[in-house]
Amino acid sequence: MTSLTAGIGFKPQHIDEALACAEAGVWLEVHPENYMVDGGPRLAMLDALAERHPLSLHGVSLSLGSIEPPDTNHLARLRRLVDRVDPALVSEHLAWSSWEGRYLPDLLPFPRSSEALCRVVDNVQRTQDALGRRIAVENPSHYVYVEGHEWGETDFLGELAHRSGCGLLLDINNVHVSAHNLRYDAGEYLDRFPLHEVMEIHLAGHTVDDTVRGGLLVDSHDTAIGETVWALYERVIARAGQRPTLIERDGDVPSFATLMDERRRAHHRLAGDAVAA
Amino acid sequence: MSDLACYQRRFLHALRDTESTFSSARQPAFDVYRNTTLRGCIDALEANYPAVACLVGRDWFRAAAAAYIEVSPPTDVRMLFYGDGFASFLDDAPQAAELPYLGDVARLDRLWTESQHAADDTPLPAAAWAMLGADELATMRVRPHASLRLFRAPRPAVTIWRASRDGRPVGDDLPWRAECAIVIRPHMNVTVLDVDPAALSLIQMCASGHSLGDAIVHTLDLYPDVAIDRILGGCQLAGVFALSPGEPSP
């Protein structure tokens, strides 16, 4: 298998082109929750993709920041998918989304306290034990100031990786969005980021909400990747070297060819070719 | 309660309380979380109940969905299954009083989803039927295909559902009568087939573990004029039954 360069988030409407795609280094990412079914066309589609390309399972609902351990039924379903498609990467978010049996379809913030660190470390370890493999944990997008932080985010993530043995997923759009919204410097954040733990990078687009004073950036994944984010990516790759990089798009999804054009720019950077003009 | 738990509990309450004094929620940007969590639920319901959404229009649907989410927020992270109780909610919703068939249309949307994601299964092949003698047929127990779902409604909900899924209006001459259907995915495509009450009765008997012979006798008691051969032929064609290896008959 050739090494992974740039991948794209898979959308079912692109199935035919995705199966036909033969570009070097391509891989595809899916949300495992959408494939946690007993059978039928969705699973058949995932099997066909797994035959053709390396896959990444990028979870959105494990709620690693919860005070409760991850749901064992959910972990069992995730394990079945992992065994089924043998993914190249498995990842989740530094966030919470479950409370006393209720699920909130979002990635919610929490105070980065030492108590929270212990919880997240334990939750990641339980996940890795259930899956029999290392996962990568993604830095979140921030919109509000949270009281009670005892750790900076980069230190928190570094310590999490150190204690649990997990890797990290660096979402550069999230860094840009959060730095703008919470008024800090994205470059300095990236300089502090424990890049040696990074197993995967995400690139995505965002939108501006002008109803909030100063303009809130929203991690909407529904536009092309901004030039500011590409510049930050360049800065990371120059320091970290090649890392599998995903072009994430979840809303206003363009054609497969358009996504592949955007993907090619990251691929050329990773493959050491001249950056496409 | 731990500090982390306390923060999350207050966060959750603030999602619904726009007057919350919780520090994170006092910032205007907190609305991003209110909007995202609500929109995620509404979008999932809209995707899971396309016939209902088409019938009532976007604004009506999203208002009804928001009311449903208040009383039945998601508990399963698999949003493709969200809305288990939406049909019953619509049955009782005052705003749906003039659309008494809406709950049944939602029920059929739900059965479609269940069938779509059910375990893969192999329909009983025609050759297997053909090889069975009359005695064997009478005593055999046929297992329903894993994707089979049964539907009956006191109103023409199947016709309305089908028109809605196809994006066309129902005719003015629609007979206002009960309808029955089976929902099945013999291989990869879900189909909704109109059946008569006798066929539904026979399939239901078989599905609840009775022998084919008993199911036929019972069905003939209820519907003396029905042509059993025609029903069995239809079942075989639709792939209603699956025969497990090693359990041909008791």
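The values are calculated or read from the model by the stated rules, or taken from the named source; none is laboratory data. Everything numeric here is computed off the predicted structure, so don't read it as measured data. Because the Cβ atoms are built from the backbone with ideal geometry, glycine has one as well, and the counts that use them run over all protein chains shown.
Odds and ends about this structure:
- Extreme residue, farthest from the other protein chains (Cβ to nearest Cβ), among residues of the range A:77-118 that are under 23 Å from A:LEU157 (Cβ atoms) and of a type in the set (Ser, Thr, Tyr): A:SER91
- In the range B:4-25, the residues that are under 17 Å from A:GLY65 (Cβ atoms), at the interface with chain A (Cβ under 9 Å from one of its Cβ atoms) and crowded, with 16+ Cβ neighbours inside 10 Å: B:LEU4, B:ALA5, B:TYR7, B:GLN8, B:PHE11, B:LEU12, B:LEU15, B:SER24
- Flag for B:ASP104 being surrounded by 16 or more Cβ atoms within 10 Å (Cβ to Cβ), in contact with a Phe, Trp or Tyr (Cβ under 9 Å, 6 or more places away or on another chain), among the acidic types (Asp, Glu) and more than 14 Å from chain A (Cβ to nearest Cβ): yes
- A:ASP191 vs. criteria surrounded by fewer than 19 Cβ atoms within 10 Å (Cβ to Cβ) and at pLDDT 95 or above: yes
- Taking the criterion of being in a helix (DSSP H, G or I) and crowded, with 19+ Cβ neighbours inside 10 Å, the only residue of the range A:57-76 that qualifies is A:HIS74.
- Hey, A:GLY39 of a type in the set (Gly, Ala, Ser), within 14 Å of chain B (Cβ to nearest Cβ), more than 24 Å from A:ASP252 (Cβ to Cβ) and in contact with a His (Cβ under 8 Å, 6 or more places away or on another chain) or not: yes
- Unique match (being within 30 Å of B:ALA157 (Cα to Cα), assigned to a helix (DSSP H, G or I) and at the interface with another protein chain (Cβ under 7 Å from one of its Cβ atoms)) among B:CYS41, B:CYS54: B:CYS41
- Screening A:ARG235, A:ARG264 for residues that are over 30 Å from A:GLN128 (Cα atoms), among the basic types (Lys, Arg) and touching a residue at least 60 places away in the same chain (Cβ under 8 Å) leaves exactly one candidate, A:ARG264.
- Evaluation of A:PHE110 against (1) part of a loop (DSSP other than H, G, I, E, B); (2) out of contact with any strand residue (DSSP E or B) (no Cβ under 8 Å at 6 or more places or on another chain) (one fails), failing number: (2)
- Candidate set: the range A:147-167, residues that are buried (at least 17 other Cβ atoms within 10 Å of the Cβ) and within 14 Å of another protein chain (Cβ to nearest Cβ); chosen: the one nearest to A:ARG249 (Cα to Cα): A:PHE156
- A:VAL85 of a type in the set (Val, Ile, Thr), farther than 30 Å from A:PHE110 by Cα and under 21 Å from the mean Cα position of the chain (by Cα): yes
- For the residues B:GLU136, B:GLU179, the requirement of being buried (at least 17 other Cβ atoms within 10 Å of the Cβ) and acidic (Asp, Glu) singles out B:GLU179.
- Within the range A:188-224, the residues that satisfy the criterion of being farther than 14 Å from A:SER178 by Cα and within 14 Å of chain B (Cβ to nearest Cβ) are A:ASP210, A:THR211, A:VAL212, A:ARG213, A:HIS221, A:ASP222.
- Residue within the range A:45-54 that is within 12 Å of another protein chain (Cβ to nearest Cβ) and closer than 30 Å to A:CYS118 by Cβ present: no
- Flag if A:LEU170 is in contact with a strand residue (DSSP E or B) (Cβ under 6 Å, 6 or more places away or on another chain), among the hydrophobic types (A, V, I, L, M, F, W, C) and within 24 Å of A:GLU248 (Cα to Cα): yes
- Selection from the range B:26-38 of residues that are out of contact with any helix residue (DSSP H, G or I) (no Cβ under 6 Å at 6 or more places or on another chain), more than 7 Å from every other protein chain (Cβ to nearest Cβ) and farther than 30 Å from B:ARG165 by Cβ: B:ARG26, B:ASP31
- Just one of the listed residues (A:PRO244, A:PRO254) is under 27 Å from A:ASP185 (Cβ atoms) and at pLDDT 95 or above, and it is A:PRO244.
- Qualifying positions in the range A:134-163 - of a type in the set (D, E, K, R) and part of a loop (DSSP other than H, G, I, E, B): A:ARG134, A:GLU147, A:GLU150
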